[in-house]
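Take a look at the structure set out below.
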Amino acid sequence: MIVCDLDETLMNDDGTLSKTNAEAIKKASAKGVYFVPNSGRSYVSFQNVLEPLGLRDKAKQYSISYNGGLILENKGNRPIATNAMPFEIAQKVFDVGSKNPHAATHVYTQDALYVYHPVPEDDAYLKNRGVDYKEMKTPDLGRFKDVNIMKVIMALPTVSERKQMKADVEAVVGADNIAGTFSSGRYIEFNPAGINKGSASVQLGELLGIKPEEIIGAGDNSNDLPMLRDVGLPVSVANGIDSVKEAAKYITIADNNHDALAEVINKFIL
């Protein structure tokens, strides 16, 4: 099984999927290897990625969304494991984010994205990847009390601001009650404690009878680190951050803009 991050790993910087990567994935699938997108994104936003891979709405094929918050069978986007955030925790995280005038605060429910205080740079990034969202006009999270909140994240322009946001949230919520990671050079993401891309990879593997040592994981950023630590063959793309490269057993020669995932598949599977 291959579990693979999407943005800045499988996808080009412009949000497109290369034909070379797509063909390599289809060849791996034809050999019986599961290809599982493992993304911080909503599953809704990457259906256009599954389509050219022949995996959209496909029975007995799977995806992981929200940094491990949701595992689905692609057929009908059927949830097979849901790891939602307790509302009380989500409320505290959201309150910290919404009070920061520089932050766009994202609330991911199981099926939709809501953004409080969207900012132009983040709006452009989302639109470039075909990610739809609904704007929250007021900082009121109460409307989501009876739905699954999968994660809460903030877009902030600098590393120092993202690190400060992580510290601020942990001071309110407690570091043991939340999992904070960084992604895409713009986000600080918060999931329930113990829920991450790695835990979901192992969870799906158990359901499919696949051992962790039989899983390849590919990523580029800190929210991919739990995945790389939990799988048998952790891979960093050439553009991965230093900590990801340190966690990897293989670092691709190619970066995400030059078919890094095809390199991995050709080397280890085909």
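Please work out how much length the chain gains when fully extended from residue 266 to residue 238, using 0.36 nm per residue of separation minus the C-alpha to C-alpha distance, in nm with one decimal.
8.5 nm
What number does the chain give for Rg over Rh if you use C-alpha atoms and the Kirkwood radius?
Reported Rg/Rh (Cα atoms, Kirkwood Rh): 0.95.
Compute the distance in nm between two label points, each set 7 Å from the Cα along the Cα-to-Cβ direction, one at residue 163 and one at residue 16.
Result: 3.6 nm between the two label points.
Divide, for region 87-192, the radius of gyration over alpha carbons by 2.2 N^0.38 Å, where N is the residue count.
0.97
What's the FRET efficiency of residue 88 with residue 207 using the Cβ-Cβ distance as r and R₀ = 41 Å, to the nearest 0.05?
In this case the efficiency is close to 0.90.
To the nearest 20 debye, what is the magnitude of the charge dipole of the chain about its Cα centre, counting +1 on the Cβ of each Lys and Arg and -1 on the Cβ of each Asp and Glu?
600
Can you give the % of DSSP beta bridges in the chain that are antiparallel, to the nearest 5?
So the antiparallel bridges in the chain amount to around 65 percent.
Since every read-out is calculated from the coordinates, none of them should be taken as a lab result. Small disclaimer: the values here were computed from a predicted structure and weren't measured. Here Cβ is always computed from backbone atoms with ideal geometry, including for glycine, and neighbour counts include all displayed protein chains.
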